[in-house]
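J.: The structure is given below, and queries will be raised subsequently.
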């Protein structure tokens with residue numbers, strides 16, 4: 001590859017935008033964990049807490065940001081008198097994670113190309 | 001973009017590699033959790049029902065053996081319903097339930113079609129049908145371990161042929177080679 005072509009390729013890679021919501025490591029892990037669910041699947045607050053080993057406060061705070069960004073959709077389910085909140089990734093959330101991952105890969109590719 | 005903001009938003013190549021490694025692991029972990037949590041109680045319940053049910057049909061006089069198998073089956077249905085994971089909704093629940101009822105509904109029909117058949121052979125046939133259903137479910141949800149189990153059960157007629165026929169062939173060969 002010629003040097004100017006190589007530079008253009010690196011510049012193109014670095015144009016991939018980082019998602020401002022997923023820049024936070026905890027939110028990135030949360031979105032990635034939810035990404036593994038099949039379509040229509042959802043994980044409860046307790047399930048997410050166990051999977052990611054987070055405290056209630058920390059998890060609640062970051063889930064709130066993801067819900068407000070439209071990346072995660074909460075649904076409430078009743079089992080007897082007990083209410084459980086389940087969280088599912090939205091299409092926007094899945095797409096945002098893919099873009100963010102592409103941007104992270106671009107950083108690595110750019111470092112290798114330089 | 002200011003330098004401090006840029007450094008906060010854009011990780012270094014080493015940080016990016018670390019984040020990518022973790023992001024790559026987490027979806028697989030969730031998929032594993034979804035598959036194992038969704039099936040673990042029902043697999044134990046039905047596994048126990050099969051082990052003791054088949055033994056009861058084989059060893060106990062009829063209809064006691066068949067009744068014992070039916071009781072174990074009802075127990076397995078109950079445990080499957082009670083043991084549904086509370087932390088996770090896989091999104092397959094409705095399809096799984098519908099498919100399961102279709103399977104249950106098809107079984108008596110298959111029983112009628114293959115009549116007259118000895119009861120142990122009929123149960124073996126129904127078991128093989130169950131195994132194929134399990135295999136199809138495993139393929140749908142990409143659960144390799146469950147697929148292997150389904151394949152084993154689906155091939156139970158082959159196993160029956162190999163074990164039963166093999167035993168007869170070995171005994172016959174032994175008698176041919178060492179006549180009394």
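The values are calculated or read from the model by the stated rules, or taken from the named source; none is laboratory data. Keep in mind that this is a model prediction, so the values were computed, not measured. Here the Cβ positions follow ideal geometry from the backbone for every residue, glycine too, while neighbour counts run over all protein chains shown.
J.: Identify the single condition in (1) at pLDDT 80 or above; (2) more than 9 Å from every other protein chain (Cβ to nearest Cβ); (3) more than 30 Å from residue A:86 (Cα to Cα) that residue B:13 does not satisfy, given that it satisfies every other one.
T.: Going through (1) at pLDDT 80 or above; (2) more than 9 Å from every other protein chain (Cβ to nearest Cβ); (3) more than 30 Å from residue A:86 (Cα to Cα) one by one, residue B:13 breaks only (2).
J.: Could you check the range B:31-58 and list, in sequence order, the residues that are within 8 Å of chain A (Cβ to nearest Cβ) and in contact with a strand residue (DSSP E or B) (Cβ under 7 Å, 6 or more places away or on another chain)?
T.: Here is the first cut: in the range B:31-58, the ones within 8 Å of chain A (Cβ to nearest Cβ) are B:31, B:33-34.
Passing the criteria: B:33, B:34.
J.: Still on this structure, please answer the following. Determine whether residue B:102 is at pLDDT 80 or above and in a helix (DSSP H, G or I).
T.: yes
J.: Write out, first by first residue and then by second, each pair whose Cβ atoms fall under 6 Å of each other, whose residues are 6+ apart or on separate chains, and whose first residue, in the range B:13-42, is closer than 26 Å to residue A:111 by Cβ while the second is not in a helix (DSSP H, G or I).
T.: Sorted first by the residue in the range B:13-42, then by its partner, the pairs are B:27/A:36.
J.: Okay, moving on. Within the range A:45-100, how many residues are touching a strand residue (DSSP E or B) at 6+ places or on another chain (Cβ under 7 Å), surrounded by fewer than 19 Cβ atoms within 10 Å (Cβ to Cβ) and not in a loop (DSSP other than H, G, I, E, B)?
T.: 11
J.: Given the residues A:89, A:17, which is the only one that is within 28 Å of residue B:94 (Cβ to Cβ), touching a residue at least 40 places away in the same chain (Cβ under 8 Å) and within 15 Å of the chain's Cα centre (by Cα)?
T.: On the way: A:17 fails: within 28 Å of residue B:94 (Cβ to Cβ).
That would be A:89, the only listed residue that is within 28 Å of residue B:94 (Cβ to Cβ), touching a residue at least 40 places away in the same chain (Cβ under 8 Å) and within 15 Å of the chain's Cα centre (by Cα).
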